Amino acid sequence: MADGVRPASRDDGAERAVLADEARLVKRTRWRLVAWSGISTLLVLLLLAVALYAAVARTLETASVAQLEARVDPIVEFLEGDQRGPGDGPDRGGFVLGGGNTFLYLFDQQGHNIRLGPGGQVAPAGLPVPAGIVAAKASPDGQDVRTSTLQIQGRNQSATVPIRIMTESVTAQADNNQYFVQAFVDRTTEVQTLNALLLVLGVGGVLVVVVAFGFGTLYARRALVPIRQSLEAQRLALRRQREFAADASHELRTPLTVIRSSVEHLDRHRDAPLGESSEALDDIAAEVDHLSLLVDDLLLLARSDSGAVTLERMPLDLGDVASDAASMLGRTAEGRGVRVRVDPEPAMLQGDPTRLRQLVTILVDNAIHHSPRGGDVDVTVRAAEDLAWIEVADQGPGVRGEDMPHVFDRFYRAPGAPSGGTGLGLAIARWIVEKHGGRIGVANRDAGGAVFRAELPVASPDSTGSTATASSPEGLLG
């Protein structure tokens with residue numbers, strides 16, 4: 001393009017809408033991943049918390065019931081196997097040494113408290129527990145265990161104490177009467193333990209869920225990086241395809257217009273001698289050549305985008321390739337009054353000789369067209385350790401700072417660029433370098449003019465030719 005400015009795409013609005021849709025899709029996907037992470041962690045924690053709480057509660061209950069059984073069993077054995085009355089029992093009830101925090105009382109069928117032995121304690125208010133007696137009567141083993149509360153009256157205040165109470169029905173052998181033994185244990189410590197466990201599980205669960213959401217957010221963002229890159233790559237490919245089609249049509253329009261004008265001129269002067277139409281024929285020939293070159297370049301780039309172009313790998317000397325390619329442009333340089341100087345050194349590498357010759361041809365031809373009459377184009381080839389590089393320097397006006405990032409873009413032509421170019425040569429040069437696993441850059445020389453440098457690895461890169469590349473690096477590729 002003559003002015004180097006790409007026209008605004010009519011699809012900008014549609015592209016912005018697609019970008020917005022993609023952003024919303026990625027955002028929804030990210031929050032879904034975070035939600036799944038948090039919810040799954042929460043469910044696992046709930047299951048573990050329920051299992052832990054049930055295990056601890058069951059352990060405490062089992063210990064408490066065993067404690068009650070140890071207190072009740074001697075009384076039951078005494079009443080069932082001894083001829084003495086219940087008031088002569090070995091256990092006086094209430095709190096006794098060795099009984100822990102258990103309390104035991106004996107009741108008859110009418111619910112009257114029977115003191116166990118001399119000095120036996122009177123049952124506190126709230127005992128017996130009628131529900132326990134009814135359940136013990138209906139139970140096959142004559143035993144019932146349940147939790148309840150007991151109102152304890154102190155000197156200055158009363159307190160409600162959680163208890164576990166065991167009721168056992170027993171028939172005394174001495175008088176053949178049915179009695180009910182009720183023993184209870186204070187559950188205050190058990191309840192406090194379970195409440196503390198609930199608090200720890202609740203606070204710990206909240207903290208773990210918060211951390212899970214945080215890590216879920218981090219990993220969701222990382223997990224979506226390939227998706228974002230894929231979407232960006234697809235979007236970039238679509239944008240390049242649109243720009244490629246728009247730019248190609250623009251570049252093709254000019255030579256076709258010239259050819260059409262020339263054909264119309266010939267049509268209007270059918271009877272004129274052929275010599276008088278030589279200018280129109282020259283224009284047609286020049287534009288056909290231009291079209292042929294443009295079509296060839298377009299086909300090469302299109303095939304390279306689709307991956308249909310493969311490189312031939314063989315050992316070669318980059319210095320020999322540069323010398324051969326530069327010598328082929330001797331007539332072109334002579335016609336423009338430019339001298340091409342080649343300073344090659346042996347630089348062995350694995351590469352495609354045809355494509356590398358094309359690379360040198362593009363760089364040298366570009367330098368010739370940008371050099372003033374009487375100027376020099378210097379081609380230098382060197383090798384250093386694992387790299388071989390070629391520099392092509394001219395004595396032209398150099399590259400403007402605003403043009404530097406776009407020099408290797410397709411169809412980009414800076415203002416004041418020499419006529420006759422297609423804007424595809426440097427794009428093809430970059431593709432050749434990158435396909436060989438190298439990188440290419442451009443910088444301005446202190447003495448004036450521009451210098452292009454292409455660095456190529458000595459060893460053959462992988463099949464994709466993918467390595468770090470730089471189209472306009474600082475300091476000319478560092």
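The values are calculated or read from the model by the stated rules, or taken from the named source; none is laboratory data. Nothing here was measured: the structure is a model prediction, and the numbers come from that model. In this analysis, Cβ positions are derived from the backbone assuming ideal geometry, glycine residues included, and neighbour counts consider all displayed protein chains. These area figures cover heavy atoms from the full protein model, side chains too; ligands, DNA and RNA do not enter into them. Shrake-Rupley method; radii C 1.70, N 1.55, O 1.52, S 1.80 Å.
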Checked Arg222, Arg242 against criteria (modelled with pLDDT of 70 or more and on the phi < 0 side of the Ramachandran plot); the one match is Arg222
- Task: Inspect region 203-213 for any residue being more than 17 Å from Ala125 (Cβ to Cβ), touching a residue at least 12 places away in the same chain (Cβ under 8 Å) and part of a loop (DSSP other than H, G, I, E, B) and give the result as yes or no.
- Result: no
Subset of region 265-281, residues open to solvent by 90 Å² or more (accessible area, probe 1.4 Å) and either modelled with pLDDT of 70 or more or on the phi > 0 side of the Ramachandran plot (or both), comes to Arg268, Arg270, Asp271, Glu279
Within region 336-361, residues being open to solvent by less than 30 Å² (accessible area, probe 1.4 Å) and either among the basic types (Lys, Arg) or over 13 Å from Gly438 (Cβ atoms) (or both) number 4
Per the filter on region 139-156, residues modelled with pLDDT under 90 and aliphatic (A, V, I, L, M) are Leu150, Ile152
Exactly one of Val200, Val191 is open to solvent by 50 Å² or more (accessible area, probe 1.4 Å), farther than 18 Å from Phe107 by Cα and assigned to a helix (DSSP H, G or I), and that one is Val200
Pairs returned, first residue in region 383-398 that is farther than 14 Å from Ala454 by Cβ, second residue that is assigned to a loop (DSSP other than H, G, I, E, B) and among the hydrophobic types (A, V, I, L, M, F, W, C), beta-carbon separation under 6 angstrom, 6 or more apart or interchain, are Asp386/Val458
Within region 368-380, residues crowded, with 19+ Cβ neighbours inside 10 Å and under 19 Å from Arg439 (Cα atoms) come out as Val379
Within region 157-170, of all residues that are open to solvent by less than 70 Å² (accessible area, probe 1.4 Å) and more than 16 Å from Val65 (Cβ to Cβ), the one farthest from the chain's Cα centre (by Cα) is Val170
Residues of region 312-335 being surrounded by fewer than 18 Cβ atoms within 10 Å (Cβ to Cβ) and more than 53 Å from the chain's Cα centre (by Cα), in sequence order, are Gly330, Arg331, Thr332, Glu334, Gly335
Over region 138-156, the set of residues under 22 Å from Glu77 (Cβ atoms) and either within 60 Å of the chain's Cα centre (by Cα) or in a helix (DSSP H, G or I) (or both) is Asp144, Val145
Under 20 Å from the mean Cα position of the chain (by Cα) and either surrounded by fewer than 16 Cβ atoms within 10 Å (Cβ to Cβ) or in contact (Cβ under 8 Å) with a residue 12 or more places away in the chain (or both): is that true of Arg24 in this structure? yes
Checked Glu22, Glu61, Glu15 against criteria (at pLDDT 90 or above, part of a helix (DSSP H, G or I), touching a Lys or Arg at 6+ places or on another chain (Cβ under 9 Å) and of a type in the set (D, E, K, R)); the one match is Glu61
Of the listed residues (Ala159, Ala135), the one being among the hydrophobic types (A, V, I, L, M, F, W, C), out of contact with any His (no Cβ under 9 Å at 6 or more places or on another chain), at pLDDT 75 or above and part of a strand (DSSP E or B) is Ala159
